[in-house]
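Encoded as structure tokens, the structure appears first; notes follow it.
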Amino acid sequence: MQTLIRTGSITPRPRAAAAAWRAGSMHSKSPLRFGRTCHLVDIENLVGQPESGPRYTPAVFSRRAHEVSGSYRLKWVHPGDLVYVGCDASLLLETLMDWEQYSVRIGKGADGADRALIAVFDIDAVARSCDVLQIASGDHAFAEVASQARERGLYVRVVSRSDALSHDLRRNSDGVYTFA
């Protein structure tokens with residue numbers, strides 16, 4: 001099982017302190033919880049495929065998705081958070097079982113989960129009700145969402161596999177955590 005590790009970026013603070021965090025004048029060694037978080041979780045991107053060796057079979061991929069989902073929820077999701085999870089139709093049943101109390105969106109084809117999550121995301125509503133946007137994906141498709149969220153004063157945190165993190169998404173975020 002993969003575990004999440006911090007890569008030296010900053011941790012979230014309430015909206016009023018976001019500018020100080022971005023400027024680097026505040027630092028912390030452990031992730032702290034402040035305010036409400038909106039999560040956009042692309043479960044397939046978090047699971048990924050091995051860089052070397054055989055690709056995951058559907059059964060192994062499903063088992064890995066279950067493990068990653070449990071690890072992610074335990075570490076990051078808190079009562080009151082908004083959580084949107086995107087997956088391909090082939091993982092729908094497993095994803096619904098793992099994320100039953102949250103909003104699960106179905107995508108089809110390449111980048112389908114990304115498109116489904118972006119389509120449901122209302123930046124204005126999230127900016128009114130949350131302090132943090134957490135994007136659990138490394139896909140470039142979320143770079144514009146991250147940029148818009150920062151413009152509205154949200155702290156943007158990205159959780160991704162290190163080998164799957166888009167340069168543009170990293171640049172538009174305030175903090176990055178990667179899977180080891």
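The values are calculated or read from the model by the stated rules, or taken from the named source; none is laboratory data. Computed from a predicted structure; not experimentally measured. All Cβ positions, glycine included, derive from the backbone under ideal geometry; neighbour counts span all protein chains shown.
Results for (1) touching a helix residue (DSSP H, G or I) at 6+ places or on another chain (Cβ under 8 Å); (2) in contact (Cβ under 8 Å) with a residue 24 or more places away in the chain; (3) outside any strand (DSSP E or B), shown as yes or no for each residue.
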position	(1), (2), (3)
G109	no, no, yes
L133	yes, yes, no
Q148	yes, yes, yes
V159	yes, yes, no
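Taken as a whole, the condition of being loosely packed, with under 10 Cβ neighbours inside 10 Å, of a type in the set (A, V, I, L, M, F, W, C), closer than 23 Å to Y84 by Cα and modelled with pLDDT under 50 does not apply to L4. Determine whether R63 is under 16 Å from G138 (Cα atoms), of a type in the set (D, E, K, R) and assigned to a helix (DSSP H, G or I). Answer is no for this residue. Being at pLDDT below 50, outside any loop (DSSP other than H, G, I, E, B) and loosely packed, with under 14 Cβ neighbours inside 10 Å is a description that applies to A20.
Residues in segment 115-126 that are within 20 Å of D81 (Cβ to Cβ) and of a type in the set (D, E, K, R): D122, D124. Among residues of segment 42-55 that are in contact (Cβ under 8 Å) with a residue 24 or more places away in the chain and within 14 Å of D98 (Cβ to Cβ), those with a Cβ under 8 angstrom from a residue that is of a type in the set (S, T, Y) and not in a loop (DSSP other than H, G, I, E, B), sequence gap 6+ or separate chain, pair up as I43/S69; I43/T95; L46/Y72; L46/S160. If you go through segment 161-180 and keep only what is touching a helix residue (DSSP H, G or I) at 6+ places or on another chain (Cβ under 9 Å) and of a type in the set (G, A, S), you end up with A164, S166, S173, G175, A180.
Go through segment 86-106 residue by residue and tally those that are over 16 Å from the mean Cα position of the chain (by Cα), of a type in the set (G, A, S) and not in a helix (DSSP H, G or I). Result for segment 86-106: 0. Can you tell me how many residues within segment 43-61 are on the phi < 0 side of the Ramachandran plot and surrounded by fewer than 18 Cβ atoms within 10 Å (Cβ to Cβ)? Within segment 43-61, residues that are on the phi < 0 side of the Ramachandran plot and surrounded by fewer than 18 Cβ atoms within 10 Å (Cβ to Cβ) number 11. Within segment 161-180, how many residues turn out to be buried (at least 21 other Cβ atoms within 10 Å of the Cβ) and in a helix (DSSP H, G or I)? So the count comes out to 1. Restricting the search to segment 112-130, which residues are charged (D, E, K, R) and either under 15 Å from the mean Cα position of the chain (by Cα) or buried (at least 24 other Cβ atoms within 10 Å of the Cβ) (or both)? Correct list: D114, R115. Within the option set V126, V104, being among the β-branched types (V, I, T), at pLDDT 95 or above and either touching a Ser or Thr at 6+ places or on another chain (Cβ under 7 Å) or more than 17 Å from I43 (Cα to Cα) (or both) holds for one residue only, V126.
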